[in-house]
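Nothing in this text is a laboratory measurement; each read-out follows from the coordinates by a stated rule. Keep in mind that what you see is a predicted model, and the values were worked out from it rather than measured. Heads up, the Cβs are rebuilt from the backbone with ideal geometry, glycines too, and the neighbour counts pull from every protein chain shown.
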């Protein structure tokens, strides 16, 4: 539907629920004054009076559960691929490249995803992403069936990289749903409850970590990679079928937006810069991903050296219960009056944990460290989402969330691609040599993974320093003041944003 077409009745919109992809809408923008409350450029696009807050909350819960199933499935297959490749090759470069490529693909595609979310109805975007992921996983299953295992695991042959790329592309496109999910919080949840809703999103992500890490390890160890692909296919199909049953009548039609084309980089950057301090907020969130890139490259190798694959999946699942606890705490208590302060405190504590949880090669220290670290992750992510939902108009939120995802995701591949070769060829051999082991023993104890422990220690110290410097910056004070001003001016409901 274009703006020149007559609007459909609300009853018709409700029955449709955003099932199809409408045509692009003509751009109409409404500027947001510095520190003011955001509002919709197209006030007829969203009508929260169609249902009560409780009914909208139930719809959000259905969307959240469906997204959780989709995230669990893609993470299950991605974790399994990482475990399988390392166990068959014992090469940390391969696992580092897989993890880094995943984040790099997210960084390269997130602006397109955000543009797509702004231009089309949110449920339609979710359905497209689910269908695309299903097709890619089917292709991966066919390729695994037709290609000999020895060829798939030969890093010098193209088959390994093609197989990996198919799975990663399917998993990456599924992330489009997470951007759309963040905008449904704005549409369906009352402003004063959005921080709590974002905490529930974090809690669901924690459940994803528990289920996928546990099932992926067991699946690879007991069933093999072939049946793991089959399980992923079945779960993806179930999530797609359930998504077709959901309706969101509040989104009467796609909001008029100034998004253009399929990759609106200029519009994404303009949307970020239109809000004072928003780019600084994205920089603050990126601190978390620098150390995340180190973990991405080396956490699984460290765990797999310490435990059999089945036990490593189980212990990582145990540590991942911290993610659920962190999300539950936010869902119950929120993020306080200043989410930015909460974010930086969490980042600083994550740096401390990253520096100390491998100081000795003790299983309990590693698992407890992961558990405490993952308690803090939802606070960082929910703080950023809450601020964006508070200060950015709905018709631009997709591109802002996409830009933030692209910018923050780019940090992890940089560190993963750098750290994996350094660890494989220099740090790990040095730590395992007689001279290196003797030099590291007073600080890091003894064990075959002292080289990885040294990398974690350095990364954690860098993270702490970055968070402390951010606390002292004038930008932090300006962004905190801007958020407080916008929160004070926020109307009571999403409808009054119009």
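The table that follows gives values for the structure above.
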{"read-out": "Rounded FRET efficiency, nearest 0.05, which uses the C-beta distance separating residue 310 from residue 430 and R0 of 25 Å", "value": "0.20"}
{"read-out": "Solvent-free Debye scattering, log10 I(q)/I(0), computed from the Cα coordinates of the range 62-108 at q = 0.28 Å⁻¹", "value": "-0.97"}
{"read-out": "Label point at residue 146 placed 7 Å out along Cα→Cβ; residues across the range 154-185 whose backbone nitrogen lies under 17 Å", "value": "158-167"}
{"read-out": "Pairwise FRET efficiency - residue 247 versus residue 461, Cβ, R0 = 60 Å, nearest 0.05", "value": "0.75"}
{"read-out": "Prolate/oblate/rounded label for the range 45-491 (Cα gyration tensor, a/c 1.5)", "value": "oblate"}
{"read-out": "Gain on full stretching of the segment that runs from residue 337 to residue 57 - 0.36 nm per residue minus C-alpha separation", "value": "98.5 nm"}
{"read-out": "Difference of contour (0.36 nm per residue) and Cα-Cα distance, residue 65 to residue 89", "value": "5.1 nm"}
{"read-out": "Gap separating the Cα centres of the range 418-442 and the range 324-369, nearest whole Å", "value": "28"}
{"read-out": "The range 75-91 and the range 117-132: distance between their alpha carbon centers, rounded to Å", "value": "30"}
{"read-out": "Full-extension gain in nm, residue 318 to residue 468, via 0.36 nm per residue minus C-alpha separation", "value": "51.0 nm"}
{"read-out": "Sites residue 418 and residue 161 - FRET efficiency at Förster radius 22 Å, r taken between beta-carbons, to 0.05", "value": "0.65"}
